[in-house]
Amino acid sequence: MSAATPIGPVSRWYFAQRLRLHYVDWGNPDAPPLILLHGGRDHGRSWDRIAEALRADYHVIAPDLRGHGDSAWSISGHYPMASYLYDFAQLIHSQHLAPVSVVAHSLGANIALRYAGIFPEHLRRLVAIEGLGPGPRGAAERDAKPIDERMRAWIAEQRAQAAEVPWRYPSVEAALKRMQEANRHLSDDMARHLTEHAVNQNEDGSYCWKFDPYVRVWPPNDMTRDEIVSLWGRIACPTLLVNGTESWATNPATDGRLLHFHTAEVLEVPGAGHWVHHDRPDVLLPAMRGFLAGGG
């Protein structure tokens, strides 16, 4: 590691679609670039333990998605996948990161997988943790809904969100308790770390989550399932699809989705739920090290 490498992550910003977006840079700029991309309602500092373990070998960058962490919120409260993809493309373009390796989770992995199909030449290796979304059955049920039904549901959700009062907690300890309720696999240390970086203090002394509540409302229009599958088929870099045995998501090796990839393998992690990188870093981190260091 270079003597100039900062002790901790440094906050930096870039712009996409007029939004000021935040990322943390872990230094070591002469090393191969590695982006750590978080999931929905999460933040870039959720990768700190992974970043600390990998920063000696990589130039680690962990962005906050729009509407998350310390990045700007969409004025319209609209968060389509196309905008997330543009933000990711702009980060790679503006910081001259390609070809880059990516480790991503959930929504972030969904973004990274699609980006890898759009710009296959820009990725060196990709680790997608729980990033394929619901299994084929759930996706088919969603796609079968007619557009009028999807639009009516979206409008109702937007109105309901506008009327909703954001959750407020009297203390960080209260927010920590909610974090632990959401993921029973978290160690006390990890839960506290995630919570402390996930909340802002309000003027009245209470605390609220950093993410825009509107990120929970999924837009009515997205790529079709066939279009998404076609992008998976265009991915050229070695890809590791990570699945937790105790997750709500189905295993792509058994539900048929692995067949859509030409360069992918599946790692199933026992004792892990949806947040595999938080639940079983002892299993995932060694596997990621070997995979990211592979040739090609």
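The values are calculated or read from the model by the stated rules, or taken from the named source; none is laboratory data. Quick caveat: nothing in here was measured; it's all calculated off a predicted structure. For neighbour counting, all protein chains shown are included, and Cβ atoms are generated from backbone atoms with ideal geometry for every residue, glycine included.
Of the strands (runs of 3 or more DSSP E) lying entirely inside the range 173-288, those containing at least 2 residues that are out of contact with any Ser or Thr (no Cβ under 8 Å at 6 or more places or on another chain) and among the aliphatic types (A, V, I, L, M) are 239-244, 264-269. Within the range 275-286, take every residue that is within 19 Å of the chain's Cα centre (by Cα) and among the hydrophobic types (A, V, I, L, M, F, W, C) and give me the one that is surrounded by the most Cβ atoms within 10 Å (Cβ to Cβ). Taking the candidates together, the pick is Val276. Consider Arg150 carefully, then state whether it is in contact (Cβ under 8 Å) with a residue 12 or more places away in the chain and either farther than 22 Å from Ala272 by Cβ or assigned to a helix (DSSP H, G or I) (or both). Criteria met by Arg150. There is no residue in the range 103-115 that is more than 18 Å from the chain's Cα centre (by Cα), more than 24 Å from Tyr214 (Cβ to Cβ) and modelled with pLDDT of 95 or more. A single member of Arg20, Arg45 is under 28 Å from Leu186 (Cα atoms), among the basic types (Lys, Arg), at pLDDT 95 or above and not in a loop (DSSP other than H, G, I, E, B), and it is Arg45.
Is it true that some residue in the range 89-106 is within 17 Å of Trp218 (Cα to Cα), buried (at least 18 other Cβ atoms within 10 Å of the Cβ) and out of contact with any helix residue (DSSP H, G or I) (no Cβ under 8 Å at 6 or more places or on another chain)? Break it down stepwise before answering.
Quick first cut of the range 89-106, residues within 17 Å of Trp218 (Cα to Cα) only: 106.
Checking the rest, the ones that are also buried (at least 18 other Cβ atoms within 10 Å of the Cβ) come to 106.
Pick out the ones that are also out of contact with any helix residue (DSSP H, G or I) (no Cβ under 8 Å at 6 or more places or on another chain) and you get 106.
Yes - at least one qualifying residue is present in the range 89-106.
The single condition among (1) buried (at least 21 other Cβ atoms within 10 Å of the Cβ); (2) closer than 17 Å to Pro136 by Cα; (3) out of contact with any strand residue (DSSP E or B) (no Cβ under 6 Å at 6 or more places or on another chain) that Asn243 does not meet is (3). Counting the residues of the range 120-147 that are in contact with a helix residue (DSSP H, G or I) (Cβ under 7 Å, 6 or more places away or on another chain) and either polar (S, T, N, Q) or not in a helix (DSSP H, G or I) (or both) gives 11. Within the range 234-257, residues that are closer than 15 Å to Leu126 by Cβ reach partners that are among the basic types (Lys, Arg) and crowded, with 17+ Cβ neighbours inside 10 Å with beta carbons closer than 8 Å, at six or more positions or on different chains, in the pairs Cys237/Arg124; Cys237/Arg125; Pro238/Arg125; Thr239/Arg125; Leu240/Arg125. When the range 31-64 is limited to residues that are in contact with a strand residue (DSSP E or B) (Cβ under 6 Å, 6 or more places away or on another chain), buried (at least 19 other Cβ atoms within 10 Å of the Cβ) and of a type in the set (Gly, Ala, Ser), the one that is nearest to Ala293 (Cα to Cα) turns out to be Ala51.
Within the range 161-172, the set of residues being in a loop (DSSP other than H, G, I, E, B) and modelled with pLDDT under 95 comprises Glu164, Val165, Pro166, Trp167.
If we scan the range 61-82, do we find a residue that is closer than 17 Å to Cys237 by Cβ and modelled with pLDDT of 95 or more? Before the answer, list the steps.
Step one: filter the range 61-82 for residues closer than 17 Å to Cys237 by Cβ, giving none.
No, there is no match, as no residue in the range 61-82 is closer than 17 Å to Cys237 by Cβ and modelled with pLDDT of 95 or more.
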